[in-house]
Amino acid sequence: MLCTTNIWIKIQKCAIPHKNLYFLPTFVPENSSQETKKMALSETLYGKTPEQLAAVCAELGMPRFAAKQLARWLYAKHVEDPMRMSDIAAAHRAKLAERFRPAFTPPARITESADGTKKYLYRTQQGAWIESAYIPDGERATLCVSSQAGCRMGCKFCATGRQGLQHSLTTAEILNQIVSLPERDSLTNVVFMGMGEPLDNTDNVLRALEIMTSEWGFGWSPTRITLSTAGVTPQLRRLLDTTRVHLAVSLHNPFAEERAAIMPIERAYPIRELVDVLRDYDFTGQRRVSFEYILMQGLNDSPRHLRELCRLLNGLRCRINLIRFHRIPDSPYFSPDRAAMERFRDTLTARGITTTIRASRGEDIQAACGLLSTRGLEGEKR
């Protein structure tokens, strides 16, 4: 079915097994008509909250109750083509189709690892590229989503940080990574640990979390979601006050100067101030806080680092996830061997901090922690 704007296109032969999904080509060629370009750069209906949908209804002269109908179509049925929303008046469907462009876009490329991990490549509406990673593990299936195209945090051990920031994703672009996933129905968890710093795109990320966890939205429990941050402290309280999702903090070194050398954000938002903020919140219930610690040989794996970690986190109910460093080109860092990582883990656990070693997944397709990057695709045309 094509609507009158000729912009809603059903992909007949795509990898997405959800019959309700309609896709817009993710890149608008330069030779497109002015009408097509205008439509492509307009707003999406998908990604709006009930309050925003109510404002749309008022703008288009639709009854207020239509906002609930729209939310049900968008987030319960994952139907975004207004022309298929059968309980909306035909005249209003036509107005919606004219006013809003589609949000759903299929992955441009799927790469599969020997361990079953899959990496999905998407083109953003602004012409940049992002990646997400699907990680199956027995009965658990986790999707690692991106919040930005690139990242401006500049962490020295991260491939995404090396490419800089192209732009932040819209709420629809964040959610599209979930909705367009072929394995969507098997997902048990989503982690905001892909490209970008989520708290550098707080408005759109919080809106995505609201849609994911609200009864009128996806209806997910917040405990299915973890958000990772390098430590944008001013936005942290906002996240903790408005959501109940799990939190993961990228720590990687407990000493301020050493951390600043590999994570420039330390100079703006010191890790000690972030930990002080966390002490104001209760993590004894369902919501958890963890600290991610990439072990780098000779850089952050000594006994003095162990002692300082324990001092920094003393009294805070948390856990530490140790991560093997995955080499990126021209990196001066190396990971210690497995035995050294286990000794580090056991020492922290013995001192009262629950510590685990995260299994590396998808390294052979550059989908493991710290490896996501679309730098080589910059400027590539579809």
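Where a number appears in this text, it was derived from the coordinates with a stated rule and is not lab data. Every value quoted in this text rests on a predicted model; they were computed, and no experiment measured them. Neighbour counts run over all protein chains shown; Cβ positions are idealised from the backbone, glycine included.
Odds and ends about this structure:
- Shown in residue order for region 337-348 are the 3J(HN,Hα) couplings computed by the Karplus curve 6.51 cos²θ - 1.76 cosθ + 1.60 at θ = phi - 60°: 6, 4, 4, 5, 5, 5, 5, 4, 4, 5, 5, 4 Hz (x for Gly and Pro).
- Taking label positions 7 Å along the Cα-Cβ direction at both Asp137 and Gln297, the computed distance is 2.5 nm, reported to one decimal.
- Long-range HN-HN contacts of Leu60 with modeled amide H, under 5 Å: none
- For Ala141, the residues 5 or more places off, or on other chains, whose built amide H falls under 5 Å of its own are Thr188, Asn189.
- Modelled FRET efficiency - R0 30 Å, Asp185 with Thr242, Cβ distances, 0.05 increments: 0.60
- Net charge dipole, the chain: roughly 340 debye, given to the nearest 20, about the Cα centre with Cβ charges of +1 for Lys and Arg and -1 for Asp and Glu.
- Cβ-defined net charge surrounding Cys155, 14 Å radius [Lys, Arg +1; Asp, Glu -1]: 0
- Distance (nanometres) between label positions extended 7 Å along Cα→Cβ at Lys77 and Ala55: 2.6
- Relative pair counts by distance (%), Cα atoms of region 71-162, 10 Å bins: 13, 29, 30, 20, 8, 1
- Taking θ as phi - 60° and the Karplus parameters 6.51, -1.76 and 1.60, the scalar couplings of region 231-247 work out to x, 7, 4, x, 8, 5, 4, 4, 4, 5, 7, 10, 9, 10, 6, 5, 10 Hz in sequence order, x denoting glycine and proline.
- Between Arg152 and Arg287, the C-beta separation translates, for a Förster distance of 45 Å, into a calculated FRET efficiency of about 0.95.
- Here the Karplus relation 6.51 cos²θ - 1.76 cosθ + 1.60, evaluated at θ = phi - 60°, turns the backbone of region 283-297 into coupling constants of 10, 8, x, 6, 6, 10, 10, 10, 10, 9, 9, 7, 7, 10, 4 Hz, with x for every Gly and Pro.
- The simple Förster model, with R0 at 22 Å and r as the Cβ-Cβ distance, assigns Arg307 and Thr354 a FRET efficiency of 0.80.
- Extent along principal axes [Cα atoms of the chain; Å; largest to smallest]: 70, 42, 39
- Neighbours of Ala114, meaning other residues whose beta-carbon lies under 15 angstrom from its beta-carbon, give a summed charge of -2 when Lys and Arg score +1 and Asp and Glu score -1.
- Cβ-based net charge around Val245, under 10 Å, with every Lys or Arg adding one and every Asp or Glu removing one: +4
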